[in-house]
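Have a look at the structure below before the remarks.
The values are calculated or read from the model by the stated rules, or taken from the named source; none is laboratory data. Everything numeric here is computed off the predicted structure, so don't read it as measured data. All Cβ positions, glycine included, derive from the backbone under ideal geometry; neighbour counts span all protein chains shown.
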Amino acid sequence: MKKLWWARVAAVVVGAGITCSVQAQQEIKIGVIYPLTGPGAAVGAELRSALELAADIINNGAPGISDLPFSAGKGLPNLKGAKIKLVFADHQANPQTGSTEAERLITQEKVVALVGAYNSAVTATASQIAERAGIPFVNPESSSASLTQRNFKWFFRTTPHDDLFVRNAFEFLRDLEAKKGIKPGLIASLNENGLWGTETTKLQAKLAPEFKYSLVKQVVYPAKTTQLTSEVQTLKAANPNLVLQSSYTADAILSMKTYKELGFSPDMILANNAGFTDTDFIKTLGKDAEYVITREVWALDLASRNPLIKQVNDLFNSRYKINFTGNSSRTFTGLMVLADAINRAGSTEPQAIRQALATTDIPGNKLIMPWKGVKFDATGQNTLGQGILVQIIDGKYNTVWPFSMASREVVWPMPKWDQRK
């Protein structure tokens, strides 16, 4: 019965795609799945804004930003100027809800492709629905390495993944010692227990000895927790110099408040993106967010190397009164990559879009990311992405690694809580 149902889904999808290809297409429906309510609502709102900006540029243009694809604003040229229509779905940071919403977008909304879903655990379930139905799924932000280890044919990830990001953290520590004479000392980790945090915990345990560092304690906490007192007390008892941390927004903010309340003050917190790069992190914590280092994929201070970064960020800021983050800039890029593929396919038939995605080759100077470009391998992973590290100084994210790209020197160690002004 299940196989029959999926056969019907596939038939509906393929049939819809063929019809759209033949007609003079005026509107191309793309499903987007993000946390618009619940614990991830704040970041979800920013990702929605990034998607709306990308769609508006494709459909209506961005005068003066000539290096950005589709900035002429004539829709998709190879589809007679067809416009992008985004169909939003709210997964509420719930993997089952994400799965249900993906199914609805495919079977009821008749979208030609999906984009999502930020939370790795939700991306895992939603993309499984797309895979069974034969619908392209572009993932701009989820970093769990296992997502591109499933032998999927319809899944494409533009961001680098945690195998690279976690390794970057240890490469930074190695370079910090070799070039700055700063030794990280004893290391502990604090990670959420979802797919992303669990995989990160395993990678940290694997890589620490490879880089000859001592990982003295690994603490895992329940995602969406309302208290971290016991976990922070456990960390404090281990007395690490450095804490590696993977948390979504609410947990990241809660952890910093708990560190201060309990007087836990390691030399440094080296975070794995997500909540630490959400606009709400600095907005909520103010000066208590200072000095944290986090891995990133985007920073406004890199505009000196790539003018597109400032040009598109200025447009984003003028509309939404916020700057891009590493999350929203990747989401923007993901939709632009999908639009490029649909345009090259000259069709809304899913197989044609999948084939176009597989042959994507976008150079770095056409992106707002500090990447070499976008080009997918056989697993659907972009091979040209890269990570950076930023440090919060004076309320801003400053690139501090790679040292060749740094806009300022690393501040290490962080001042103790009672020594901050």
Only one of Ala339, Ala356, Ala378 that is part of a helix (DSSP H, G or I) and free of Cβ contacts under 8 Å to residues at least 60 places away in the same chain: Ala356
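With respect to Gly395, is the statement that it is surrounded by fewer than 19 Cβ atoms within 10 Å (Cβ to Cβ) and outside the structural domain of Glu290 (by TED's automatic domain parsing) true?
Taking the combined requirement at face value, the residue does not satisfy it.
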Selected residue (only one of Gly334, Gly326 is touching a residue at least 12 places away in the same chain (Cβ under 8 Å), under 20 Å from Arg408 (Cα atoms) and not β-branched (Val, Ile, Thr)): Gly326
Verdict on Lys202 being in a helix (DSSP H, G or I), surrounded by fewer than 22 Cβ atoms within 10 Å (Cβ to Cβ) and either in contact (Cβ under 8 Å) with a residue 60 or more places away in the chain or in the same structural domain as Ala406 (by TED's automatic domain parsing) (or both): yes
Qualifying positions in the range 381-398 - assigned to a strand (DSSP E or B), of a type outside the set (Ser, Thr, Tyr) and under 22 Å from Asp175 (Cα atoms): Ile388, Leu389, Val390, Gln391, Ile392, Ile393, Asn398
Failed item in (1) touching a residue at least 12 places away in the same chain (Cβ under 8 Å); (2) part of a helix (DSSP H, G or I); (3) under 21 Å from the mean Cα position of the chain (by Cα); (4) surrounded by fewer than 24 Cβ atoms within 10 Å (Cβ to Cβ), with Arg319 passing the rest: (3)
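Yes or no, residue by residue, for (1) in the same structural domain as Val337 (by TED's automatic domain parsing); (2) surrounded by fewer than 24 Cβ atoms within 10 Å (Cβ to Cβ); (3) at pLDDT below 95:
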residue: Ala130; (1), (2), (3): yes, no, no
residue: Val138; (1), (2), (3): yes, no, no
residue: Ala145; (1), (2), (3): yes, yes, yes
residue: Asn151; (1), (2), (3): yes, yes, no
Which listed residue is buried (at least 24 other Cβ atoms within 10 Å of the Cβ), at positive phi and not assigned by TED's automatic domain parsing to the domain that holds Val400, from Ala93, Ala113: Ala93
Yes/no for Glu177 being among the acidic types (Asp, Glu) and touching a Pro at 6+ places or on another chain (Cβ under 8 Å): yes
Members of the range 314-328 found to be in contact with a helix residue (DSSP H, G or I) (Cβ under 7 Å, 6 or more places away or on another chain) and small (Gly, Ala, Ser), listed by number: Gly326, Ser328
Residue within the range 284-295 that is under 20 Å from the mean Cα position of the chain (by Cα), closer than 20 Å to Gly387 by Cα and in a helix (DSSP H, G or I) present: no
Any hit, the range 154-168, residues being among the aliphatic types (A, V, I, L, M), crowded, with 19+ Cβ neighbours inside 10 Å and in contact with a His (Cβ under 7 Å, 6 or more places away or on another chain): no
Wholly within the range 86-186, strands (runs of 3 or more DSSP E) carrying at least 3 residues that are closer than 30 Å to Ala406 by Cα: none
Answer residue from the range 28-45, given it is modelled with pLDDT under 95 and not small (Gly, Ala, Ser) and is nearest to Gln96 (Cα to Cα) among those: Pro39
